[in-house]
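Working notes, beginning with the structure itself.
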Amino acid sequence: MLNFAQNSTIGVIRMSNKTRQQAILDIIAQNELDTQEELAAMLQQRGYNVTQATVSRDIKQLGLVKIAGKSKKYRYTQVSYKEHGLHAKYDNIFKESVLSMQNAGNIIVIKTVSGAANSAGAFIDRMNLPQLLGSIAGDDTIFCVTRTEQDAVDVINIIKDSY
């Protein structure tokens, strides 16, 4: 059920979070947007009265990340999780366990606290990043392989933006 309220001062229709977030998913599916400001402007064109802070919250709640785009350097997309409801758990595990991330060419080396590499690696795997060819985790280290060095840099930036 939609929650409509008319704002008489501005003449903008405010809708529920769910409706606005669905509009965000529709917008990013049809457009390459790489800033929150661009996304807010497109929402406002569709009649949503939003601030950058609202858009930022929506991006986090929807699990949006930036990936390499075709016409722009980056674009927003939704992280695909095969197991719903686990996003927050893996997100927290990743935040609490990762000590460092750096690339050596097209290989990303992620250091974690002892015993946490498999759990942190699950977070990365569930992101289903197209630049990532594969990953392997040991006790406290994760190796991720991309096609190019630029892809490795992009993946590190996407991961950092995700947590």
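Overview of results
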read-out: Unique match (being more than 21 Å from TYR76 (Cα to Cα), out of contact with any helix residue (DSSP H, G or I) (no Cβ under 6 Å at 6 or more places or on another chain) and buried (at least 19 other Cβ atoms within 10 Å of the Cβ)) among ALA104, ALA137, ALA117, ALA152; value: ALA117
read-out: Count of the range 39-61 residues which are part of a helix (DSSP H, G or I) and surrounded by 17 or more Cβ atoms within 10 Å (Cβ to Cβ); value: 7
read-out: Residue match in the range 84-93 (condition: open to solvent by 50 Å² or more (accessible area, probe 1.4 Å), at pLDDT below 90 and within 16 Å of VAL155 (Cα to Cα)); value: no
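Residues are listed down the side, and each one gets a yes or a no for (1) touching a residue at least 40 places away in the same chain (Cβ under 8 Å); (2) in a loop (DSSP other than H, G, I, E, B); (3) over 15 Å from ASP91 (Cβ atoms):
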{"residue": "GLN102", "(1), (2), (3)": "yes, no, yes"}
{"residue": "ASP125", "(1), (2), (3)": "no, no, no"}
{"residue": "PRO130", "(1), (2), (3)": "yes, yes, yes"}
{"residue": "PHE143", "(1), (2), (3)": "no, no, yes"}
{"residue": "ALA152", "(1), (2), (3)": "yes, no, yes"}
{"residue": "ILE156", "(1), (2), (3)": "yes, no, yes"}
{"residue": "LYS160", "(1), (2), (3)": "yes, no, no"}
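The values are calculated or read from the model by the stated rules, or taken from the named source; none is laboratory data. None of these values were measured; they are calculated from a predicted model. Every residue, glycine as well, gets a Cβ built from its backbone with ideal geometry; the counts of neighbours run over all protein chains shown. To get the accessible areas, we keep the full protein, side chains included, count just its heavy atoms, and leave off ligands, DNA and RNA. Shrake-Rupley method; radii C 1.70, N 1.55, O 1.52, S 1.80 Å.
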